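The values are calculated or read from the model by the stated rules, or taken from the named source; none is laboratory data. Treat the numbers as computed from the prediction; the structure is a model and nothing was measured. Here the Cβ is made from the backbone with ideal geometry for all residues, glycine too, and neighbour counts use every protein chain on show.
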Amino acid sequence: MREFDETGRRKWSALVVDDEFFIAFDLEERLRRLGADDVRSACTLADAMASMSEWTPTLAIVDWRLAGSTPVKLIEQLLARAVRVVISSGSHRSEIDQAFGDRVLYVQKPVSDEALDQAVLLLLPARRA
């Protein structure tokens, strides 16, 4: 993917990892409206890892609890590839802070439009050439 489009807008992509299909679908659509050029989703950790074997997103939104497990290894791999990570959770804030500190951004589930907008603006501030 080229870094900028023909109008000078910075291109960016997103990976949504959530085991609830409708939440993942909703986040995909909202990220497209915010300007993501390529949005993909995964409902399992295995699917997310498989997607990353062929592609590296600019931004990832990851549910903290996926079928009862935590996505620590996935998040570590995303961070190692310089992917900006947002962790969404209904709780577990202290657990997330303990695991990742300020290397990730936390948003409360359900993710409001305002929280999603702020996360994208904070993590992708220079979206124009």
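Provide a single number: the residues in region 85-129 that are closer than 16 Å to L34 by Cα and in contact (Cβ under 8 Å) with a residue 12 or more places away in the chain. Full working, then the answer.
Of the residues in region 85-129, the ones closer than 16 Å to L34 by Cα are 86, 111-128.
If we keep only those that are in contact (Cβ under 8 Å) with a residue 12 or more places away in the chain too, we end up with 86, 111, 113, 116-117, 119-120, 122-124, 126-128.
Matching residues across region 85-129 total 13.
Please enumerate the residues belonging to region 31-44 that are in a helix (DSSP H, G or I) and surrounded by 15 or more Cβ atoms within 10 Å (Cβ to Cβ).
Scanning region 31-44 gives a single hit, L31.
Could you grab the pairs with beta carbons closer than 9 Å, sequence gap of 6+ or different chains, first residue in region 30-56 and touching a residue at least 12 places away in the same chain (Cβ under 8 Å) and of a type in the set (K, R), second one crowded, with 16+ Cβ neighbours inside 10 Å and in a helix (DSSP H, G or I)?
Once the first residue is touching a residue at least 12 places away in the same chain (Cβ under 8 Å) and of a type in the set (K, R) and sits in region 30-56, its partners that are crowded, with 16+ Cβ neighbours inside 10 Å and in a helix (DSSP H, G or I) give R30/L116; R40/E28; R40/S51.
Of all the residues that make up region 63-86, how many are in contact with a helix residue (DSSP H, G or I) (Cβ under 9 Å, 6 or more places away or on another chain), among the aliphatic types (A, V, I, L, M) and not in a helix (DSSP H, G or I)?
Summing the residues that are in contact with a helix residue (DSSP H, G or I) (Cβ under 9 Å, 6 or more places away or on another chain), among the aliphatic types (A, V, I, L, M) and not in a helix (DSSP H, G or I) in region 63-86 gives 5.
Which is part of a loop (DSSP other than H, G, I, E, B), surrounded by fewer than 19 Cβ atoms within 10 Å (Cβ to Cβ) and of a type in the set (D, E, K, R), of D19, D47?
Checking each option against the conditions leaves just D19.
Looking at A60, A80, A119 in this structure, which one is under 21 Å from W12 (Cβ atoms), modelled with pLDDT of 95 or more and buried (at least 20 other Cβ atoms within 10 Å of the Cβ)?
On the way: A80 fails: buried (at least 20 other Cβ atoms within 10 Å of the Cβ); A119 fails: modelled with pLDDT of 95 or more.
That would be A60, the only listed residue that is under 21 Å from W12 (Cβ atoms), modelled with pLDDT of 95 or more and buried (at least 20 other Cβ atoms within 10 Å of the Cβ).
If I go through region 4-40 residue by residue, how many of them are under 17 Å from L121 (Cα atoms), modelled with pLDDT under 95 and charged (D, E, K, R)?
Number of matching residues: 5.
With the requirement that a residue be small (G, A, S) and more than 12 Å from P71 (Cβ to Cβ), what does region 84-101 give you? Walk me through how you get there before you give the answer.
First, pick out the residues of region 84-101 that are small (G, A, S): 88-91, 94, 99, 101.
The answer is G90, S91, S94, G101.
Could you figure out which of (1) touching a Pro at 6+ places or on another chain (Cβ under 9 Å); (2) in a helix (DSSP H, G or I); (3) hydroxyl-bearing (S, T, Y) isn't true of S94?
The one condition S94 does not meet is (1).
Any idea how many residues of region 90-115 are out of contact with any strand residue (DSSP E or B) (no Cβ under 7 Å at 6 or more places or on another chain) and surrounded by 18 or more Cβ atoms within 10 Å (Cβ to Cβ)?
Within region 90-115, residues that are out of contact with any strand residue (DSSP E or B) (no Cβ under 7 Å at 6 or more places or on another chain) and surrounded by 18 or more Cβ atoms within 10 Å (Cβ to Cβ) number 0.
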